[in-house]
1. Give the range 131-173 a look and list any residue that's within 27 Å of A117 (Cβ to Cβ), in contact with a His (Cβ under 7 Å, 6 or more places away or on another chain), open to solvent by 10 Å² or more (accessible area, probe 1.4 Å) and touching a residue at least 60 places away in the same chain (Cβ under 8 Å), or say none.
2. Can you pull out every residue in the range 382-433 that is small (G, A, S), farther than 17 Å from K272 by Cα and either within 16 Å of the chain's Cα centre (by Cα) or open to solvent by 30 Å² or more (accessible area, probe 1.4 Å) (or both)?
3. Any idea which of (1) part of a loop (DSSP other than H, G, I, E, B); (2) over 23 Å from the mean Cα position of the chain (by Cα) is the one K279 doesn't satisfy?
4. So is A364 modelled with pLDDT of 95 or more, assigned to a helix (DSSP H, G or I), loosely packed, with under 13 Cβ neighbours inside 10 Å and small (G, A, S) or not?
5. Could you grab me the full set of residues in the range 32-69 that are open to solvent by 30 Å² or more (accessible area, probe 1.4 Å), among the small types (G, A, S) and either within 18 Å of W146 (Cα to Cα) or at pLDDT 95 or above (or both)?
6. Got a number for residues in the range 266-306 being open to solvent by 60 Å² or more (accessible area, probe 1.4 Å), closer than 23 Å to P384 by Cβ and either of a type outside the set (A, V, I, L, M, F, W, C) or in contact with a Ser or Thr (Cβ under 7 Å, 6 or more places away or on another chain) (or both)?
7. Between residues in the range 386-415 that are modelled with pLDDT under 90 and residues that are of a type in the set (A, V, I, L, M), which pairs lie under 8 Å by C-beta distance while being six or more apart or on different chains?
Amino acid sequence: MTSLHITSMAEAVRMLRLGSIKPTELVESCLTQIKAHDNKLNAYITVCADEAREAAIRADREIKNGLPRGLLHGIPVALKDIYDTAGVLTTCHSNLFRNRVPDNNCDAWERMSADGAILLGKTGTHEFATGGPSFDLPWPPPRNPWNTAHIPAGSSSGSGAAVAAGMAYLAMGSDTGGSIRGPAGYNGLSGFKPSYGRLSRRGIFPLSWTQDHAGPLARTTEDCAFAMQVLSGYDPKDPASVNTPVPDYLSVLNQPIKGTRVGWCTNWYEGKADASVEKTLSDAVKILQDLGAEIVPVELPPLVDFHACGRVIILSESFAIHRQWLSSQPEMYGEFFRLRTRLGAFISADQYVDALRWRRTLAAAMLEAMSDVDVLLTANQYGPAETFEDTQQDYHFFGEPSLTMPANVSGQPALTIRGGFSENGLPLGIQLIGQSFADANLLRIGHQFEQARPDLNSWPTL
């Protein structure tokens, strides 16, 4: 049998239902990994060991008595430390919030806890989901389990590291310009950014009101589908939440994708990405064709347009959120966050409004390009995870444009899945972008791809 700590969440759910495993065993498996390895990975800021053990004992009893709460009953999970949890330290990985303990739960944890999930703890992030990886904060930055000299990407860095290292079966992240999909690609995971408005962001500390998305990081796309089944639903307390029926994500996962039209967008990465990335995308095309999908070449507006538009919006909105604290307590932030966020002070109101209007134009261009296809296939990253030394940049967004930003600008669902490995043994992700609110279809395609690539199912040796 697969070692318990690297079992997929979906398989753990099935074992719980069969009675072949108990929640207490799952929790102890994760806590053992945390105790053994988190001193070098720094995935967690807060570990709720005692609370998790108590919750697992209750779950054991409830399941034994035939009182299962939901899909995730007894599953140990982690939350990015920008997710509010009542009575549990929630820091946003910042000295400014070093002692912050919320009174209320975020919507995501309300839904997950009601479903029976067990909170292992809160994972490290880039400061306020943008300032990192930083070494001048109260907690060190998380590291990549595949090679600790390399970054796990951000900003949901601890969530990615925790799942890849077997320290959680599922971890929640946030995605404003790729902060779920980056860690998914660099850590060899499945990371899902749903359609804008599909999941509530209530109780998640904002970076950009109009581009923030909540979403899961897990070992497989099937795991993400389980999470989405629990997390989806209208929240009238989130102004961006869309009141639309929740699909049955799980029932369609195993439906064949024969006849699916996949738009292959190469103009965003060709000539810029490593040869290993280009090969990974070419291999993915062959697999999808073998599964019966039709590959259609698609050219989209320049990637730099999406990147520039998204960055202007993020900088404007994040500065507005932090303006008062940046003015009165600048020393409470790390250097990277201060330098990056203060740029928003130099963006005028007319430039911000122009960016919002430009976003509508770019989103329309995406829709037009996808008018004859079901999903887009493109690169998730330019190469394998960089070393920490190579990422110590004040203004990282002045480099190559983000391959993940377009789906934040358009609000479409986007899924990153493992597509291969680089020559140095680090994982490489591929990215699929779906039609708005066709989230279930996107997860189906990702799941079918993963089922066709069992050769990629390996995990880091710690």
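The values are calculated or read from the model by the stated rules, or taken from the named source; none is laboratory data. Bear in mind the structure is a predicted one, so any value in this text is a computation, not a measurement. Reconstructed Cβ throughout: ideal geometry from the backbone, glycine too, with neighbour counts over all protein chains shown. The accessibility values were calculated without ligands, DNA or RNA, using every heavy atom of the protein model including side chains. Shrake-Rupley method; radii C 1.70, N 1.55, O 1.52, S 1.80 Å.
1. Within the range 131-173, W139 is the sole residue that qualifies.
2. From the range 382-433, those small (G, A, S) are 383, 385, 399, 402, 407, 410-411, 414, 419-420, 422, 425, 429; that's our starting set.
The next check asks that each one be farther than 17 Å from K272 by Cα; those that pass are 407, 410-411, 414, 419-420, 425.
The answer is A407, G411, A414, G425.
3. (1)
4. Working: modelled with pLDDT of 95 or more: yes; assigned to a helix (DSSP H, G or I): yes; loosely packed, with under 13 Cβ neighbours inside 10 Å: yes; small (G, A, S): yes.
Spelling it out, A364 is indeed modelled with pLDDT of 95 or more, assigned to a helix (DSSP H, G or I), loosely packed, with under 13 Cβ neighbours inside 10 Å and small (G, A, S).
5. A36
6. Quick first cut of the range 266-306, residues open to solvent by 60 Å² or more (accessible area, probe 1.4 Å) only: 270-272, 274-275, 279, 286, 289-290, 294, 297, 299, 302, 304.
Subset that is closer than 23 Å to P384 by Cβ: 270-272, 274-275, 279, 286, 304.
Then drop every residue that is not either of a type outside the set (A, V, I, L, M, F, W, C) or in contact with a Ser or Thr (Cβ under 7 Å, 6 or more places away or on another chain) (or both), which leaves 270-272, 274, 279, 286.
Residues that pass the stated criteria total 6.
7. So the pair list comes out as T391/I151; D394/L339; Y395/L339; Y395/L343.
Rundown of residues vs (1) within 26 Å of T24 (Cβ to Cβ); (2) part of a helix (DSSP H, G or I); (3) more than 15 Å from the chain's Cα centre (by Cα), yes/no style:
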position: G173; (1), (2), (3): no, no, no
position: G178; (1), (2), (3): no, no, no
position: G182; (1), (2), (3): no, yes, no
position: Y186; (1), (2), (3): no, yes, no
position: R202; (1), (2), (3): no, no, yes
position: C224; (1), (2), (3): yes, yes, no
position: Q229; (1), (2), (3): yes, yes, yes
position: Y234; (1), (2), (3): no, no, yes
position: D238; (1), (2), (3): no, no, yes
